[in-house]
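Undergrad: Attaching a single structure in C-alpha cells format; questions to follow.
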Amino acid sequence: MATHLALALHGAGHSIRQVLSREYDHAALLAQRVSATPIDKPARLDDQSEIYLLAVNDDALYDLALDLPSYANKIFLHTSGSTPADVLKRLSRNYGVVWSPQTFVRDLAMDYTHLPLCIEGSNAATEQAIEELFATVSGQIYHLNYEQRRWAHLAAVFVNNFGNAVNALAQEVALAHGIDFAMLRPLADATVKKMDYGQLWPQQTGPAIRHDQKTLDSQRRLLVGDPRLMQLYDLMTDIIQTPHDPTAL
C-alpha cells in the first residue's frame, strides 16, 4: 500500500519529501520513483512536510508510532483497517486514517481514480484536510469511524481474502480433472456484477438455494476423498439454505 499511495499522490502532483524504510534499499527504490529522499531511521525524519503517512503492517504500526518524532502541528495518518486512529495521538493532536478496502500488488498498475478510500480524522479540520488531499487522487472517499472501519475491514476479508481462497480451491478442482479454469472467468465476472444490483441474497442461485437434493448428494459424493472440501461444501450449503437477517450482527 505504501508504494501505491506514494505513486498515487505523486501522480496527482503532490511533493513527497522522504520515504522511510528500515531497509534502505527498499526506501531508495520507492524514493526514486517519486523524486523523494530515502531514509532508514526515524530520527532522520524532518519536520518540513505537512502530512506523514505510516503505511506499515498492523504489528509494526505501534512500534513505529513510538519511534517517530512528534510534531504537534502536523498530520499523521496510518493505513490500517483494524487499528484505532488514536495509536498516533502521541505524535500530534492532528491524526487520522486513510484505508482502502482493496488488495495491492506492489508492481501491478492501478487506476487510482476509482480507488475507494475510507478516512477518519481526530478533529473536523484534520478530516477535511485528509479529504482534500485524497480527493485529488480518487473520487470515492468514504467517512468511516473506527467501528465502521473495523466492520468494513471484516467485510473486505470475506469478499477478497476468503473469496480468493474459495476460487483457489475451485482452481485446484479444475486442474486436478483436466479442466481449463479460464472457462469459469465469465461466471466469476457475472458473480461480481451482481453487486451492482442491490441485495445479494435474493440473487443467489445454485442447487443449495433450490434445495435440489439429488444434485447436492451427487456433488457430496465427488468430495468423499477430500474432507476439507466436504466440510466447506456442507457449511456453505447450510449458510445458503438458512434464512438471513442482514441486521443480525
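Undergrad: Tell me which of these residue 191 doesn't satisfy, since it passes every other one: (1) surrounded by 10 or more Cβ atoms within 10 Å (Cβ to Cβ); (2) over 22 Å from the mean Cα position of the chain (by Cα); (3) among the hydroxyl-bearing types (Ser, Thr, Tyr).
TA: Unmet for residue 191, out of (1) surrounded by 10 or more Cβ atoms within 10 Å (Cβ to Cβ); (2) over 22 Å from the mean Cα position of the chain (by Cα); (3) among the hydroxyl-bearing types (Ser, Thr, Tyr): (2).
Undergrad: Restricting the range 96-129 to residues that are touching a residue at least 60 places away in the same chain (Cβ under 8 Å) and touching an Asp or Glu at 6+ places or on another chain (Cβ under 9 Å), which is nearest to residue 14 (Cα to Cα)?
TA: 129
Undergrad: Does residue 81 fit the bill of being among the small types (Gly, Ala, Ser), touching a strand residue (DSSP E or B) at 6+ places or on another chain (Cβ under 9 Å) and either surrounded by fewer than 19 Cβ atoms within 10 Å (Cβ to Cβ) or touching a residue at least 60 places away in the same chain (Cβ under 8 Å) (or both)?
TA: It is true that residue 81 is among the small types (Gly, Ala, Ser), touching a strand residue (DSSP E or B) at 6+ places or on another chain (Cβ under 9 Å) and either surrounded by fewer than 19 Cβ atoms within 10 Å (Cβ to Cβ) or touching a residue at least 60 places away in the same chain (Cβ under 8 Å) (or both).
Undergrad: Now for a different question. Is there any pair with a first residue in the range 171-185 that is more than 15 Å from residue 229 (Cβ to Cβ) and free of Cβ contacts under 8 Å to residues at least 40 places away in the same chain and a second that is surrounded by fewer than 13 Cβ atoms within 10 Å (Cβ to Cβ) and not polar (S, T, N, Q) whose Cβ atoms are under 9 Å apart and which are 6 or more apart or on different chains, and what are they?
TA: Pairs found: 181/175.
Undergrad: For the range 230-246, check the following and say yes or no: at least one residue is exposed (fewer than 10 other Cβ atoms within 10 Å of the Cβ) and touching a residue at least 12 places away in the same chain (Cβ under 8 Å).
TA: Yes, because at least one residue in the range 230-246 is exposed (fewer than 10 other Cβ atoms within 10 Å of the Cβ) and touching a residue at least 12 places away in the same chain (Cβ under 8 Å).
Undergrad: Restricting the search to the range 84-106, which residues are outside any strand (DSSP E or B) and within 13 Å of the chain's Cα centre (by Cα)?
TA: Scanning the range 84-106 gives 100, 101, 102, 103, 104, 105.
Yes/no per residue for (1) in the same structural domain as residue 107 (by TED's automatic domain parsing); (2) modelled with pLDDT of 95 or more; (3) touching a strand residue (DSSP E or B) at 6+ places or on another chain (Cβ under 8 Å):
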site	(1), (2), (3)
19	yes, yes, yes
33	yes, yes, no
42	yes, no, yes
51	yes, yes, yes
54	yes, yes, yes
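Undergrad: Can you tell me which residue is farthest from the chain's Cα centre (by Cα) among those in the range 1-39 that are assigned to a helix (DSSP H, G or I), more than 26 Å from residue 118 (Cα to Cα) and hydrophobic (A, V, I, L, M, F, W, C)?
TA: 28
Undergrad: Kindly evaluate residue 47 against the criterion of being touching a Pro at 6+ places or on another chain (Cβ under 8 Å), assigned by TED's automatic domain parsing to the domain that holds residue 116, at pLDDT below 95 and not hydrophobic (A, V, I, L, M, F, W, C).
TA: Yes; evaluated as a whole, the condition is true for this residue.
Undergrad: Within the range 40-83, count every residue that is aliphatic (A, V, I, L, M) and assigned to a helix (DSSP H, G or I).
TA: Residues in the range 40-83 being aliphatic (A, V, I, L, M) and assigned to a helix (DSSP H, G or I): 6 in total.
Undergrad: Kindly provide the set of residues from the range 137-152 that are loosely packed, with under 14 Cβ neighbours inside 10 Å and part of a loop (DSSP other than H, G, I, E, B), ordered by number.
TA: 139, 145
Undergrad: Any residue at all in the range 157-167 that's among the small types (Gly, Ala, Ser) and not assigned by TED's automatic domain parsing to the domain that holds residue 95?
TA: yes
Undergrad: Mind telling me which of the residues 198, 206 ends up being under 22 Å from the mean Cα position of the chain (by Cα) and at positive phi?
TA: Within the list 198, 206, the selection yields 198.
Undergrad: Kindly indicate which of 2, 6, 31 is under 15 Å from residue 76 (Cβ atoms), surrounded by 17 or more Cβ atoms within 10 Å (Cβ to Cβ) and not acidic (Asp, Glu).
TA: 2
The values are calculated or read from the model by the stated rules, or taken from the named source; none is laboratory data. Bear in mind the structure is a predicted one, so any value in this text is a computation, not a measurement. Cβ atoms come from the backbone with ideal geometry, glycine included; neighbour counts cover every protein chain shown.
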